[in-house]
Structures are given as structure tokens and as C-alpha cells.
Amino acid sequence: MAADIPLEEDFEIDVDCRYLAEQSEPDDDQFVFAYTINITNKGQRGAQLMRRHWLITDANGKQQEVHGDGVIGEQPYIDSGASFEYTSGAILTTPLGTMEGRYEMVDDEGRLFSTPIPRFSLTKPGILH
């Protein structure tokens, strides 16, 4: 029966990031990024995304933690074989940084588990050679 318990490997997290030049103010140390996340359930059971936890780090090593219910005002249920995609954003004081974190989810049996969000880069184009 333990094989039926969703594990972090059951969920695939894909991230696509872009720099929003039109919303950024580099002279005021404000660099705006959008990221689109696609969460795919490759497991046998559905689960609901209940909470998120982010660790955002800028190029100076300054870290900001963000906790909250769901994502973009939703707590989506992701059935077996289904995906959920959303877009959100982050503002950094440097043109380069990273984000990583985890989603806290609950399966159909009411069991709570965490799915890691792999670290990804937020990078203004032309910053890295």
C-alpha cells in the first residue's frame, strides 16, 4: 500500500522565466521577472496544492522567504495524469537571482506531503556572458 502514497517524484515541476524590461527600473534597482510554472502529476493519485514556500535570493545573497496558501489565489487539485500551469512574478534589487521552494500538498487520502520546486535563475538578458 505504501507504493500508493504520493511522493515528491510523482510531480514534475517545469519553470519558464522572463525578464520584464517594461516594468523594471534598473536605475532604481528594481528588476521585474515573470515565471510560468507547470506542475504535472505523474503519480497514481490526485492531490491538492495547499501552500507554497519560496526562498528568493538576489545576487548580493539577500534572501526573502514567501509563504502562502495556494498559488495565484487558487488551491488547485491536480488529478493523476493532469497538469496545472500558472504565471506569477518576482521583483529583485539585482539583475540576477534565484528562486526555489516547495509546495505542500494533500492527497486523496488526506495525507500531507511536500513537493520540491528546483532552483531556477532569474536573469536579466545580457548580464551573463
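What follows is calculated from the coordinates using simple rules that are stated; it is not laboratory data. Note that this is a predicted model, so its numbers are computed, not measured. No Cβ is skipped: glycine too gets one built from the backbone with ideal geometry, and neighbour counts run over all protein chains shown.
By the count of other C-beta atoms within 10 Å, a proxy for reagent exposure, I91, I39 are ordered fewest to most as I91, I39. The residues neighbouring I72, those whose beta-carbon lies less than 12 Å from its own, together hold a net charge of -2 under the Lys/Arg +1, Asp/Glu -1 convention.
Fewest-first ordering of F33, F84 by other beta carbons within 10 Å of each residue's beta carbon gives F84, F33. Scalar couplings 3J(HN,Hα) for the range 25-36, obtained by applying the Karplus form with A = 6.51, B = -1.76, C = 1.60 to θ = phi - 60°, are 10, x, 5, 9, 6, 10, 10, 9, 10, 10, 9, 10 Hz; x denotes Gly and Pro. What does the net charge come to around T87 if you take all other residues with beta carbon closer than 13 Å to its beta carbon, with K and R at +1 and D and E at -1? Its environment carries a net charge of -3. Each of M99, M105 has some number of other Cβ atoms within 10 Å of its Cβ, and from fewest to most they run M99, M105. Amide H contacts of S24: V32, each under 5 Å away and 5 or more positions distant or on a separate chain (H built 1.01 Å from N in the peptide plane; Pro and chain starts excluded). Around the Cα centre of the range 14-120, unit charges on the Cβ atoms of Lys, Arg, Asp and Glu (plus for the first two, minus for the last two) sum to a dipole of about 440 debye.
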